[in-house]
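The values are calculated or read from the model by the stated rules, or taken from the named source; none is laboratory data. Since the model is a prediction, treat every value here as computed from it, not as a measurement. Note: ideal-geometry Cβ built from the backbone for every residue, glycine included; neighbour counts use all protein chains shown.
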Ligand code: TNX
């Protein structure tokens with residue numbers, strides 16, 4: 001920093017300028033990134049991106065290089081060609097042995113090294129935050145595109161850093177989901193869990209049971225009779241690909257044996273009495289259940305799991321399992337004992353809300369802990385993703401004046417979302433990671449999603465990525481991030497706690 005300041009002072013005219021022109025603002029500190037990087041050493045000369053800079057990458061890292069070029073071209077207006085070899089004035093991506101990624105900045109080059117493309121992509125996200133916020137504008141800007149000299153060696157605390165979107169209560173279009181993927185992947189979130197069915201609607205095409213979407217995805221199937229819609233298989237595959245290009249793995253969830261009213265409206269044979277229930281667009285929970293003793297139920301469940309597994313390159317398939325208040329305990333157990341192994345039969349790791357742990361078959365499953373008790377001891381499962389509702393639920397209001405959201409788990413201001421640790425709930429060895437769910441009862445469009453997600457999603461991302469947490473530091477860094485959201489038109493919440 002001191003060196004940069006000295007160089008700038010030399011470059012300035014001796015006749016006192018009123019202020020440092022914006023174009024010559026000092027480079028951003030390497031330690032200002034969200035989530036906080038593990039090791040940072042700031043030293044040496046800055047790198048300056050110019051109209052001659054090139055992006056150097058082996059063919060295997062072409063996808064990451066293209067993402068980087070796409071991120072930098074609009075605001076710089078530079079060509080930034082992607083090449084296989086370059087001598088100098090380059091941003092170089094290379095595979096090496098660095099766990100996580102290593103980012104090195106010298107006068108002549110920025111180098112990002114990682115073992116795989118996911119690591120390189122994480123390094124690219126860090127680099128984007130080291131350039132001036134103007135880099136996030138959609139049109140060419142006048143700015144000094146400098147990056148401070150030094151090195152960042154960084155890697156995630158947990159392998160799983162997730163976000164969840166509820167497409168069932170209100171449908172969100174593929175474009176909205178893509179915009180959300182763009183924003184969450186900037187914070188190194190690497191899983192997006194899609195809640196695809198609930199009492200109100202069914203949001204993914206299943207060929208063997210076509211009425212699920214014909215009826216359950218019809219217009220008006222959103223809460224209060226608004227919205228509606230569903231993802232065709234083509235839409236879904238396209239989303240999986242879009243996410244994978246940003247190193248985000250999509251996890252599909254079909255919620256059962258509760259939260260199934262929409263399926264039963266479409267197929268009355270999924271009820272015990274064979275009578276279709278009325279469609280529901282209110283927000284009550286816990287009143288519907290599949291018919292546990294009936295074979296049709298398992299034919300349905302297996303068809304759905306098979307078709308979803310075929311759409312899913314990732315390891316996990318989420319079967320819900322929460323709030324099955326209309327299912328007896330014995331029935332719930334019998335259901336999970338049959339259904340959890342079905343997920344494995346189609347090559348996926350079963351994943352469910354913490355209730356599934358009641359079943360011995362949850363032994364090889366991942367549990368998503370959404371309860372609020374400060375400690376949790378799984379009986380059968382050994383891996384847990386932490387989403388405690390009073391900390392990680394992005395649909396809770398920030399405070400009583402928040403226009404959107406619910407408050408059954410309390411109010412979650414940014415600091416409340418930030419100030420907790422997975423290991424106070426379960427031992428470190430049981431933690432697979434963290435996830436921030438966003439339920440959509442009150443959310444209609446992308447503006448609503450963004451307002452509830454940001455900045456809290458960044459807080460959860462830091463819990464998942466960084467071993468050390470410090471509120472004062474996070475507050476400062478996320479505040480400095482605001483202009484980036486502004487430049488991209490993201491409708492984030494300006495928390496009084498952040499300043
Ligand atoms: C509880 S948390 C639910 C959802 C609701 C959410 C609203 C969980 C596993 N189930 O059905 O949408 O509360 O905050």
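Mind checking which strands (runs of 3 or more DSSP E) fall wholly inside segment 149-239 and carry at least 3 residues that are more than 16 Å from the ligand (Cβ to nearest atom)?
In segment 149-239, 150-154 are the strands (runs of 3 or more DSSP E) which contain 3 or more residues that are more than 16 Å from the ligand (Cβ to nearest atom).
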Of the residues in segment 270-290, how many are closer than 22 Å to residue 337 by Cβ and more than 34 Å from the chain's Cα centre (by Cα)? 2
Does residue 357 fit the bill of being more than 30 Å from residue 480 (Cα to Cα), assigned by TED's automatic domain parsing to the domain that holds residue 195 and either within 14 Å of the ligand (Cβ to nearest atom) or touching a strand residue (DSSP E or B) at 6+ places or on another chain (Cβ under 7 Å) (or both)? yes
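Is segment 105-118 home to any residue that is in the same structural domain as residue 41 (by TED's automatic domain parsing), over 16 Å from residue 61 (Cβ atoms), touching a strand residue (DSSP E or B) at 6+ places or on another chain (Cβ under 9 Å) and not in a loop (DSSP other than H, G, I, E, B)?
Taking segment 105-118 as the starting set, the residues that turn out to be in the same structural domain as residue 41 (by TED's automatic domain parsing) are 105-118.
Of the ones still in play, those that are also over 16 Å from residue 61 (Cβ atoms) are 105-108.
Now restrict to residues that are touching a strand residue (DSSP E or B) at 6+ places or on another chain (Cβ under 9 Å): 105-108.
So of that shortlist, the ones also not in a loop (DSSP other than H, G, I, E, B) come out as 105.
Yes, that holds for at least one residue.
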Among the residues of segment 379-394, which ones are touching a helix residue (DSSP H, G or I) at 6+ places or on another chain (Cβ under 7 Å) and within 16 Å of the ligand (Cβ to nearest atom)? 381, 384, 386, 391, 392, 394
Here is a check on your reading of the model: is residue 360 in contact (Cβ under 8 Å) with a residue 12 or more places away in the chain, farther than 29 Å from residue 238 by Cβ and within 25 Å of the chain's Cα centre (by Cα)? no
Mind checking whether some residue in segment 337-345 is within 16 Å of the ligand (Cβ to nearest atom) and either at pLDDT 95 or above or in contact with a strand residue (DSSP E or B) (Cβ under 8 Å, 6 or more places away or on another chain) (or both)? no
Is there a residue being surrounded by fewer than 17 Cβ atoms within 10 Å (Cβ to Cβ), touching a residue at least 12 places away in the same chain (Cβ under 8 Å) and not in a loop (DSSP other than H, G, I, E, B) anywhere in segment 78-85? yes
So residue 241 clears everything in (1) closer than 22 Å to residue 170 by Cα; (2) surrounded by fewer than 19 Cβ atoms within 10 Å (Cβ to Cβ); (3) without any contact (Cβ under 8 Å) to a residue 40 or more places away in the chain except one condition, right? Which one? (1)
Restricting segment 263-296 to residues that are in contact (Cβ under 8 Å) with a residue 40 or more places away in the chain and not in a loop (DSSP other than H, G, I, E, B), which is surrounded by the most Cβ atoms within 10 Å (Cβ to Cβ)? 263
Checking residue 158 against (1) surrounded by fewer than 22 Cβ atoms within 10 Å (Cβ to Cβ); (2) under 24 Å from residue 483 (Cα atoms); (3) in contact with a helix residue (DSSP H, G or I) (Cβ under 6 Å, 6 or more places away or on another chain), the condition it does not meet: (2)
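A quick yes/no check of all residues on (1) touching a helix residue (DSSP H, G or I) at 6+ places or on another chain (Cβ under 8 Å); (2) without any contact (Cβ under 8 Å) to a residue 24 or more places away in the chain; (3) farther than 26 Å from residue 196 by Cβ:
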{"site": "410", "(1), (2), (3)": "yes, yes, yes"}
{"site": "420", "(1), (2), (3)": "yes, no, yes"}
{"site": "439", "(1), (2), (3)": "no, no, no"}
{"site": "456", "(1), (2), (3)": "yes, no, no"}
{"site": "482", "(1), (2), (3)": "no, yes, yes"}
Selection count where residues are under 28 Å from residue 129 (Cα atoms) and within 12 Å of the ligand (Cβ to nearest atom), scope segment 404-435: 2
